[in-house]
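Quick notes on the structure that follows.
The values are calculated or read from the model by the stated rules, or taken from the named source; none is laboratory data. Keep in mind the model is a prediction, meaning the values are calculated, not measured. Methodologically, a virtual Cβ is constructed for each residue, glycine included, from the backbone with ideal geometry; neighbour enumeration extends over all protein chains shown.
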Number of protein chains: 2
Amino acid sequence: MDRIPILKMGPFLLVTIQVDMHDRLAMMLQEDLTGRIAAGGATGVLIDISSLEMVDSFIGRMLGEIAGMSRILGAETVVVGMQPSVAITLVELGLSLKGVRTALNVERGMELLRASVDESEATYGGPGSQR
Amino acid sequence: MDRIPILKMGPFLLVTIQVDMHDRLAMMLQEDLTGRIAAGGATGVLIDISSLEMVDSFIGRMLGEIAGMSRILGAETVVVGMQPSVAITLVELGLSLKGVRTALNVERGMELLRASVDESEATYGGPGSQR
């Protein structure tokens, strides 16, 4: 396995992180994801981390970077499926996942994305123009 | 990583296979999946294999078994995202993925599942009663 698959679900892209991330894999994921957003005009990215038992500062930074890159390309990012123990550790370590929105599971993440897309359309008259 | 995450998407369950499968992992996936179908009454299972570069007889049998188990519990299984090279190898090796339906990607797989659920409702008056 040398790439993390990106699944298209309507206007959203779904990534499930199941393997230990390292520099090269994280960089390839960022490249693939930004490429897919640019090519297909996705308005949202869902990143499922339900199989991660630990989120360290490396993963935290990677998630923040993905959210930042996606936002510039007009897509909101929601991190879903975080295990309770991961949330506890994050707070204890003082890692705040700045700029990253979270939701309990994929379904709630999609609701959140739909709501934020609707909102930005109502405010600015079109997707991709937020912020 | 000791478990493959199962994501709920409305009436369907989505599994992305990204790691090398071995006996114990395959058995746990089958247990988790059948448990989730029984608990939540899912009508469809999508298995994404887009990151697999090879499907051998072990994986083929596992996919067939998952489809069989799910069917008994009232859920159809669709395998999605197969790489062209995998399809070529499967045919060359004479592996037929018996009893397993396939679709090009997650979106088409969902369409297929929706169509087959609608059809079985029209024919038998309810999901879970097909075949």
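Out of curiosity, is B:Leu93 over 16 Å from the mean Cα position of the chain (by Cα) and either exposed (fewer than 13 other Cβ atoms within 10 Å of the Cβ) or modelled with pLDDT under 95 (or both)?
It is true that B:Leu93 is over 16 Å from the mean Cα position of the chain (by Cα) and either exposed (fewer than 13 other Cβ atoms within 10 Å of the Cβ) or modelled with pLDDT under 95 (or both).
Please enumerate the residues belonging to region B:102-120 that are away from chain A (no Cβ under 14 Å) and either free of Cβ contacts under 8 Å to residues at least 12 places away in the same chain or of a type in the set (Asp, Glu) (or both).
Within region B:102-120, B:Ala115, B:Asp118, B:Glu119, B:Ser120 qualify.
Report the residue count in region B:45-72 for those that are closer than 23 Å to B:Lys8 by Cβ, without any contact (Cβ under 8 Å) to a residue 40 or more places away in the chain and either surrounded by fewer than 17 Cβ atoms within 10 Å (Cβ to Cβ) or more than 14 Å from chain A (Cβ to nearest Cβ) (or both).
Of the residues in region B:45-72, 9 are closer than 23 Å to B:Lys8 by Cβ, without any contact (Cβ under 8 Å) to a residue 40 or more places away in the chain and either surrounded by fewer than 17 Cβ atoms within 10 Å (Cβ to Cβ) or more than 14 Å from chain A (Cβ to nearest Cβ) (or both).
Might you let me know whether region A:75-83 holds any residue that is surrounded by fewer than 18 Cβ atoms within 10 Å (Cβ to Cβ), within 14 Å of chain B (Cβ to nearest Cβ) and out of contact with any Asp or Glu (no Cβ under 7 Å at 6 or more places or on another chain)? Talk me through it step by step, then tell me what you get.
Within region A:75-83, the first condition is being surrounded by fewer than 18 Cβ atoms within 10 Å (Cβ to Cβ), and the residues that meet it are A:83.
Those still in the list that are within 14 Å of chain B (Cβ to nearest Cβ) too: A:83.
Still in the list and also out of contact with any Asp or Glu (no Cβ under 7 Å at 6 or more places or on another chain): none.
No, region A:75-83 contains no residue that is surrounded by fewer than 18 Cβ atoms within 10 Å (Cβ to Cβ), within 14 Å of chain B (Cβ to nearest Cβ) and out of contact with any Asp or Glu (no Cβ under 7 Å at 6 or more places or on another chain).
Quick check: anything in region A:23-35 in contact with a Ser or Thr (Cβ under 8 Å, 6 or more places away or on another chain), at pLDDT 95 or above and buried (at least 21 other Cβ atoms within 10 Å of the Cβ)? Quick ask: steps written out before the conclusion?
Of region A:23-35, the ones in contact with a Ser or Thr (Cβ under 8 Å, 6 or more places away or on another chain) are A:33-34.
Remaining after also requiring at pLDDT 95 or above: A:33-34.
Subsequent filtering for residues that are buried (at least 21 other Cβ atoms within 10 Å of the Cβ) retains A:33.
There is at least one residue in region A:23-35 that is in contact with a Ser or Thr (Cβ under 8 Å, 6 or more places away or on another chain), at pLDDT 95 or above and buried (at least 21 other Cβ atoms within 10 Å of the Cβ).
Here is a list of conditions, (1) modelled with pLDDT of 95 or more; (2) closer than 17 Å to B:Met9 by Cβ; (3) not basic (Lys, Arg), and B:Leu104 meets all of them except one; can you say which number that is?
The number of the failed condition is (2).
Scan region A:33-45 residue by residue and report those that are assigned to a helix (DSSP H, G or I), under 13 Å from the mean Cα position of the chain (by Cα) and of a type outside the set (A, V, I, L, M).
A:Thr34 - this is the single residue of region A:33-45 that is assigned to a helix (DSSP H, G or I), under 13 Å from the mean Cα position of the chain (by Cα) and of a type outside the set (A, V, I, L, M).
Checking the condition touching a helix residue (DSSP H, G or I) at 6+ places or on another chain (Cβ under 9 Å) and among the basic types (Lys, Arg), which residue from A:Arg108, A:Arg101, A:Arg71 passes?
A:Arg101
Filter region A:2-11 down to the residues that are modelled with pLDDT of 90 or more and more than 8 Å from chain B (Cβ to nearest Cβ), then identify the one that is surrounded by the fewest Cβ atoms within 10 Å (Cβ to Cβ).
Within region A:2-11, the match that is surrounded by the fewest Cβ atoms within 10 Å (Cβ to Cβ) is A:Pro11.
For region B:12-43, how many residues meet the condition of being within 11 Å of chain A (Cβ to nearest Cβ) and either closer than 19 Å to B:Ala115 by Cα or in contact with a strand residue (DSSP E or B) (Cβ under 6 Å, 6 or more places away or on another chain) (or both)?
5
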